[in-house]
Amino acid sequence: MWSGKALGKILRFELLWKLVFLFIINPLLRGAYHAYVSTAGLRFNGGVLWTFASLQGAVLFLALFCAAAWLVFYEYSVIIRVAALCRQGEDFTLGEVMGAALWDLSLLRGWSLAIGSLYYVLLLPLACVGYVSTIVPQVAIPWFVFGEMQKTPLGMAGIVAIYVVLYGVHLLLLFVPVLMTLEHRRFGQAAGESVRLWRRMEWTDRLAMLAVLALWYQLFTEAARYWRRNLLGNDDFDGNFFQYLLISEAFRKDLVCWVLLTLVQTIAMAGVICFLAALLDKHGAGRAALQPAWSGDGAVLWEIFSRRRDAWAGRWRQRLARRRWRTGIPAICLALAAVLLLSAERPLPVHRPFAIAHRGGEGGIENTLEALEAAARQGMDYGEIDVQLTADGVPVLFHDGSLTRMAGRGESVGELTWEELRQIPVTDYAHPGETARIPSLEETLAAMAGEDMGLLIELKPAAGGSEALADAVIALVERYDFGDRAMFMSLDYLCLMTVMERHPEWWAGFCAYGAAGDIDDAVWRYQVDFLAVEEALVSNRLVTRAREVDLPVYVWSVYDGEKMLQYLEMGVSGIITDYPEEIRRVLDGYLASHPGQPYQWTGAGVPGKE
């Protein structure tokens, strides 16, 4: 009986808390953050950390990080109090518990705040087992990091070690939020008591706890396998929410999934917290106080605040009950509908979505002629290749900063001549037992001359070599007259500028895997023809804004067919993937289900420019 009552109150609180955070608190925090970024300057990729290198930036970052920790802890504190009070059979209102939970915020101060922030904002969202908050629902290590680690045995061992440490620490500190709330302990005290509690528990209780967490993990792992698309994030609930709802096919699907998953997560978290509270009660701890144990001036201030809060709430209830509010609501709804209809117009996509083979695709060892030729046979629009300069100035196809992963040697491409490099056999994790050689860009252009597939050339200059690499690539593309079949991109904007200045008619874009602030706030000033972004940067806001300024967005590197379809439904203009057959299947299915979709450019290849 008490668990049903607790669940009902927890669901009511979570609904209220999510509305308040998504539409009031989050916009305020984002506003403060972006106000600083706009003055410090938007930075991409490796320059992101320098955004906060100043004293002002460091203070702002710490303030926002601590604010996130307080908000996460407050949410958990309310839920834990509700569960404990229901178990104790006490009568209370949700407002009383929310007010009492404010008292718990005093536990996160000093060193407790510093360490507790890491726990609440990083560790719990990384583990994402037992606790899920509205503010930071999940923290994920970017797939392009894990994807590269998976390509070597040492990297795989590193991934296993990361997860062992993560879930080991998470288990040991599992009782920390409950102990801080119910026992009013500082973070360090609660952490020590959580470890001791595991030691004191009977083996049956330990097994029961592990079974509960294993059930959680299995439930949401299966859910992730069924619904493999990216979930909506807090920033998707911005001022353009209704616009996304009207014009984005992907957003409507993802919103339904978000609602259902949030409901299931809330129910599961309520169950876990109730179970933890029961275990504490079994050991003579975990009694919740309905009112904070303030005394003296604190008690007087709390009494004054409570009275004014109740009076303010009463006045607003009276106002809402008046007839003029009832007549005004339809007028407000009609005005909102008019605004939504006016904002629902969506500019035409620049071109038909491209299927792009990442590093040539899985048909051969990465960045080799064999891979590119296989991708061309599989009907890819473009093959993406990475180009670096050898010591004697020859552009060659290679991705890494050294030959360690693919050839077992420590040199970089820039330390070897072309003659030395071409003698070295290379392999990759996807083709064990096979070897190939590193091709030059000239060989690649010659081989692709007879194919229908174009090339997406990523320029990867060494430090100080931006102009030299761009000049060498430009010379070869001009020699083979390949400019109308090629696209050019780079993480190095200076390198890209050389291409754009020398050949403004060529199709050139900026490549990004990280940004301080919303990438769509300033990237339009870069005067590029397209934007190639890592999956973590893709959002409804970015794609919508890009469509408004006629900027195609290409996403890398996408490995899952469901996510490919999600990005196409969002409106991206290209998918970069290792799996040519999969993207060809998904893209053909998408185009077949959207017949008659008009585009600004209907010719072959990239749009022509005057």
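Scanning segment 143-162 for residues that are touching a residue at least 40 places away in the same chain (Cβ under 8 Å) and open to solvent by less than 50 Å² (accessible area, probe 1.4 Å) returns 147, 151, 152.
Residue 487 meets all of the listed conditions (1) surrounded by fewer than 20 Cβ atoms within 10 Å (Cβ to Cβ); (2) in contact (Cβ under 8 Å) with a residue 60 or more places away in the chain; (3) not β-branched (Val, Ile, Thr) but one, namely (1).
Report yes if residue 568 is aliphatic (A, V, I, L, M), modelled with pLDDT of 90 or more, surrounded by fewer than 23 Cβ atoms within 10 Å (Cβ to Cβ) and within 15 Å of residue 351 (Cα to Cα), otherwise no. Don't jump to the end; show me each part of the working.
Details: aliphatic (A, V, I, L, M): yes; modelled with pLDDT of 90 or more: yes; surrounded by fewer than 23 Cβ atoms within 10 Å (Cβ to Cβ): no; within 15 Å of residue 351 (Cα to Cα): yes.
Taking the combined requirement at face value, the residue does not satisfy it.
Every listed requirement among (1) modelled with pLDDT of 95 or more; (2) hydroxyl-bearing (Ser, Thr, Tyr); (3) surrounded by fewer than 10 Cβ atoms within 10 Å (Cβ to Cβ) is met by residue 382 save one, (3). In segment 600-610, what residues are surrounded by 14 or more Cβ atoms within 10 Å (Cβ to Cβ) and of a type in the set (Asp, Glu)? Listed by number, the list is empty, since nothing qualifies. Picking from residues in segment 155-193 that are within 25 Å of the chain's Cα centre (by Cα) and small (Gly, Ala, Ser), the one that is farthest from residue 86 (Cα to Cα) is 155. Given the criteria basic (Lys, Arg) and assigned to a helix (DSSP H, G or I), does residue 199 qualify? Spelling it out, residue 199 is indeed basic (Lys, Arg) and assigned to a helix (DSSP H, G or I).
The numbered conditions (1) crowded, with 16+ Cβ neighbours inside 10 Å; (2) closer than 12 Å to residue 13 by Cβ; (3) modelled with pLDDT under 90 are all true for residue 95 except (1). Residues that are over 16 Å from residue 542 (Cβ atoms) and of a type in the set (D, E, K, R) do occur in segment 229-245. Scanning segment 460-484 for residues that are within 21 Å of residue 607 (Cα to Cα), touching a strand residue (DSSP E or B) at 6+ places or on another chain (Cβ under 9 Å) and either in a strand (DSSP E or B) or open to solvent by 60 Å² or more (accessible area, probe 1.4 Å) (or both) yields a count of 1. Name every residue in segment 202-220 that is surrounded by 14 or more Cβ atoms within 10 Å (Cβ to Cβ) and within 28 Å of residue 117 (Cβ to Cβ), in order of residue number. Selection gives 209, 212, 213, 216, 217, 220.
Is one or more of the residues making up segment 307-316 modelled with pLDDT under 95, within 34 Å of the chain's Cα centre (by Cα) and more than 30 Å from residue 603 (Cα to Cα)? Steps first, answer last, please.
Start the filter on segment 307-316 by keeping residues that are modelled with pLDDT under 95, which leaves 307-316.
Still in the list and also within 34 Å of the chain's Cα centre (by Cα): none.
For segment 307-316, residues modelled with pLDDT under 95, within 34 Å of the chain's Cα centre (by Cα) and more than 30 Å from residue 603 (Cα to Cα): absent.
The set of residues in segment 372-430 that are among the polar types (S, T, N, Q), in contact with a strand residue (DSSP E or B) (Cβ under 9 Å, 6 or more places away or on another chain) and assigned to a loop (DSSP other than H, G, I, E, B) comprises 378, 390, 412, 423, 427.
Kindly indicate whether any position in segment 550-559 is at pLDDT 90 or above, under 21 Å from the mean Cα position of the chain (by Cα) and open to solvent by 20 Å² or more (accessible area, probe 1.4 Å). Yes; the residues of segment 550-559 include at least one that is at pLDDT 90 or above, under 21 Å from the mean Cα position of the chain (by Cα) and open to solvent by 20 Å² or more (accessible area, probe 1.4 Å).
Would you say residue 606 is in a loop (DSSP other than H, G, I, E, B) and in contact (Cβ under 8 Å) with a residue 24 or more places away in the chain? The answer is yes for residue 606.
Quick check on residue 229: is it of a type outside the set (Phe, Trp, Tyr), outside any helix (DSSP H, G or I) and modelled with pLDDT of 90 or more?
So residue 229 passes the test.
Among what's in segment 101-136 and is touching a residue at least 12 places away in the same chain (Cβ under 8 Å) and of a type in the set (S, T, N, Q), pick the residue that is surrounded by the most Cβ atoms within 10 Å (Cβ to Cβ). Restricting to residues being touching a residue at least 12 places away in the same chain (Cβ under 8 Å) and of a type in the set (S, T, N, Q), the top hit is 133. In summary, helices (runs of 4 or more DSSP H) completely within segment 76-154 and bearing 3 or more residues that are under 20 Å from residue 20 (Cα atoms) and small (Gly, Ala, Ser) occur at 94-101.
Among the residues of segment 574-599 satisfying the criterion of being open to solvent by 10 Å² or more (accessible area, probe 1.4 Å) and among the small types (Gly, Ala, Ser), which is farthest from residue 538 (Cα to Cα)? If you could, list the steps in order and put the result at the bottom.
Residues of segment 574-599 open to solvent by 10 Å² or more (accessible area, probe 1.4 Å): 578-579, 581-582, 584-586, 588-599.
Narrowing the set further to residues that are among the small types (Gly, Ala, Ser) leaves 589, 592-593, 596.
Details: 589: 22, 592: 24, 593: 23, 596: 26 Å.
Ranking the qualifying residues of segment 574-599, first place goes to 596.
Residues in segment 172-189 that are of a type in the set (A, V, I, L, M), open to solvent by less than 30 Å² (accessible area, probe 1.4 Å) and assigned to a helix (DSSP H, G or I): 176, 178, 179, 180, 182.
The values are calculated or read from the model by the stated rules, or taken from the named source; none is laboratory data. Because the structure is a prediction, the values reported are computed rather than measured. Note that each Cβ is placed from the backbone with ideal geometry, even for glycine, and that neighbours are counted across all protein chains shown. Keep in mind that these areas ignore ligands, DNA and RNA; they rest on the heavy atoms of the full protein, side chains included. Shrake-Rupley method; radii C 1.70, N 1.55, O 1.52, S 1.80 Å.
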